[in-house]
Structure formats: C-alpha cells, structure tokens
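Structure, as structure tokens:
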Amino acid sequence: MKSGSVVISKRIDKFFLKLNDIYLFVLRFFKEAFLPPYEFREVVNQCYELGVRSLPLISVTGFIIGIVFTNQSRPSLAEFGATSWLPALMAVAIIRALAPLVTALIASGRVASKIGAEIGSMKVSEQIDAMEVSAIKPFRFLVVTRVLATTLMIPALTIYTAFVSLLGSFININQREETSIITFFEQVFEAITYLDVFSSIIKAFFFGFTIGIVGCYKGYTSSNGTQGVGKAANTSVVIAMFLIFVEELLAMQIINAIRFQ
C-alpha cells in the first residue's frame, strides 16, 4: 500500500515537472520570437514547406467535405421541404466549424508529425548541439520559425478550405437543385456574419500555434535514438489533435456567449 502511494506521488511529481517544462518552453518561444536577429527567410521557407505543400491534400479534403456534408444534410431538409436552405446551412457549418477544424486536423497529421520527426532526428543525431557550437541559435532557427509558420499558415489554409468546401457544396447543389452560383453565394453571405468569419480565423491562429508548439516541443525534447524520433512524431499528432478539440470546445462556448448576449 505504501509503495503504491509512492508510485502515485512520483507520477504526480513527474506530471507537474512536465507541465513546468512545457511552460518554460512556451515562455522561451515568446522571448526568442521578439528579439533580433529575425529569421525572416527561414520563416518564409517554413511557410512554403508547411503551408503551401499542404494545399493538394487540403484541396481534395475540403472539396469532398463540401459534397459529403451537402448530401448528408439534404434528406433532413427535404423532409420539411426546405432544401432551398442548403446554401445557408452549408455556409454556417463550414465557416463556423468545419473549415478551421478540418484544416487543423489535417495539418496535425501532416505538419505536426513532420516537425516532430525533423527536429527529433536533429536532436538525437546531435545536430542541434553542433548548431550551438557554430554560434547559431538552434531554438530560434528551428522552433520559432516553425511555430510562426504554422500560426500564420493555418488561418490562410482555413480560408482556402472554406472556399473549396463551398465550391464542392455548390457543385452538388447545382446538379440536384439547379441553383445558380450567384444565388448560392448570395445565400451564403446572407447566412454568415462578421463574427463567424473573425472567430474562425482567430481559432485557426490558436490551432496553428498549438500544432507548431507541440511538434517542436516533442521533437526538441526527444531522446532514445530513432525510437524516440518515431515516438515524437506520433505523440505530436495525438496531442495536437486532442488540444485542438479542447480549444474548439472552449472557443465554441466563448463565441456562443458573445453571439447570444
């Protein structure tokens, strides 16, 4: 019984020590991000690697989501003879929730794992130590640039995902209800508000920061050789997705409180 309580106490201590490490890691990011010299070229490079290279996957996924969600929603509205509301329903669903959430989840699978594996392999092969010896600040070059890139690119990708999803929805509605593109987008813009747009973009900023900081932290603190690199990549995806769902839940409560004031 006594040994069991000791084990639990050690686990609790380990948990809080881990939280402290994460806090110091995030604090160090904000300190390094606002101090010169700035790695503008590397930030642009990471925006391309982590953002632009994600466009094909984002495009296909967003287009399919628009078609599938439209097909799933049509029977429910058809029961009430309200299929004309499909454009408005798609606009609300995609802008408020689907676009930022789907973009973040796809980025978690591709980007977080890439960052975790990339930095983790540099950590276990002692390349980061070599950069410090060479008077290069590895934290600023590796961590700050990647977190800034994800924080900037996820909102941009969210806007793109929303457009592609609405395009897929329009094609589906046009084939079944023969709604013109002008009528479709008029109903889309009538259904959404500035709060819907701005809240989605703000959520995407937080999602992007979460993806970047989780991937960098797991990679930067990895150990145990190639096994540690694989673990860093896998846990980056799992933790990033979990935190994104938590942030989505919190954001939904805050936005609804503002909307219904």
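The values are calculated or read from the model by the stated rules, or taken from the named source; none is laboratory data. Nothing here was measured: the structure is a model prediction, and the numbers come from that model. Note that each Cβ is placed from the backbone with ideal geometry, even for glycine, and that neighbours are counted across all protein chains shown.
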Filter pass, I119 being at pLDDT below 90 and outside any helix (DSSP H, G or I): no
Any hit, the stretch 35-48, residues being touching a residue at least 24 places away in the same chain (Cβ under 8 Å), over 20 Å from V214 (Cα atoms) and surrounded by 12 or more Cβ atoms within 10 Å (Cβ to Cβ): yes
Some residue of the stretch 36-45 being at pLDDT below 85 and under 25 Å from I202 (Cβ atoms): yes
Any hit, the stretch 165-186, residues being within 30 Å of V246 (Cα to Cα), among the aromatic types (F, W, Y) and assigned by TED's automatic domain parsing to the domain that holds G109: no
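Among the residues of the stretch 4-57, write down those that are in a loop (DSSP other than H, G, I, E, B) and in contact with a helix residue (DSSP H, G or I) (Cβ under 9 Å, 6 or more places away or on another chain).
L35, P37, Y38, E39, G51 - these are the residues of the stretch 4-57 that are in a loop (DSSP other than H, G, I, E, B) and in contact with a helix residue (DSSP H, G or I) (Cβ under 9 Å, 6 or more places away or on another chain).
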Scope the stretch 187-206; condition among the aromatic types (F, W, Y) and within 25 Å of S169 (Cα to Cα); matching residues: F189, Y194, F198
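Condition check: at pLDDT 90 or above, over 21 Å from the mean Cα position of the chain (by Cα) and of a type outside the set (G, A, S). Does V188 satisfy that?
yes
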Residues of the stretch 129-152 that turn out to be among the hydrophobic types (A, V, I, L, M, F, W, C) and over 26 Å from the mean Cα position of the chain (by Cα), as a count: 5
Single condition A97 does not satisfy, out of (1) surrounded by 11 or more Cβ atoms within 10 Å (Cβ to Cβ); (2) at positive phi: (2)
Residue check for I8: at pLDDT 90 or above and either within 27 Å of I239 (Cα to Cα) or among the β-branched types (V, I, T) (or both): no
Helices (runs of 4 or more DSSP H) (entirely within the stretch 146-261) containing at least 2 residues that are touching a Gly at 6+ places or on another chain (Cβ under 9 Å): 194-220, 225-259
Index of the failed condition, A78 passing every other in (1) in the same structural domain as E248 (by TED's automatic domain parsing); (2) within 27 Å of K114 (Cβ to Cβ): (2)
Every pair of residues 6+ apart whose Cβ atoms lie under 8 Å, when the first sits in the stretch 192-217 and is of a type in the set (S, T, Y) while the second is surrounded by fewer than 16 Cβ atoms within 10 Å (Cβ to Cβ): Y217/I22
Residue match in the stretch 167-184 (condition: surrounded by 23 or more Cβ atoms within 10 Å (Cβ to Cβ) and of a type in the set (S, T, Y)): yes
Any pair with Cβ under 8 angstrom, 6 or more apart, that starts in the stretch 113-140 at a residue that is free of Cβ contacts under 8 Å to residues at least 24 places away in the same chain and ends at one that is among the basic types (K, R): M131/K137
Lone qualifier among T226, T221 - being within 23 Å of the chain's Cα centre (by Cα), more than 24 Å from V68 (Cβ to Cβ) and modelled with pLDDT under 90: T221
Unmet requirement for G109, which otherwise passes all of (1) more than 18 Å from the chain's Cα centre (by Cα); (2) surrounded by fewer than 21 Cβ atoms within 10 Å (Cβ to Cβ); (3) assigned to a helix (DSSP H, G or I): (1)
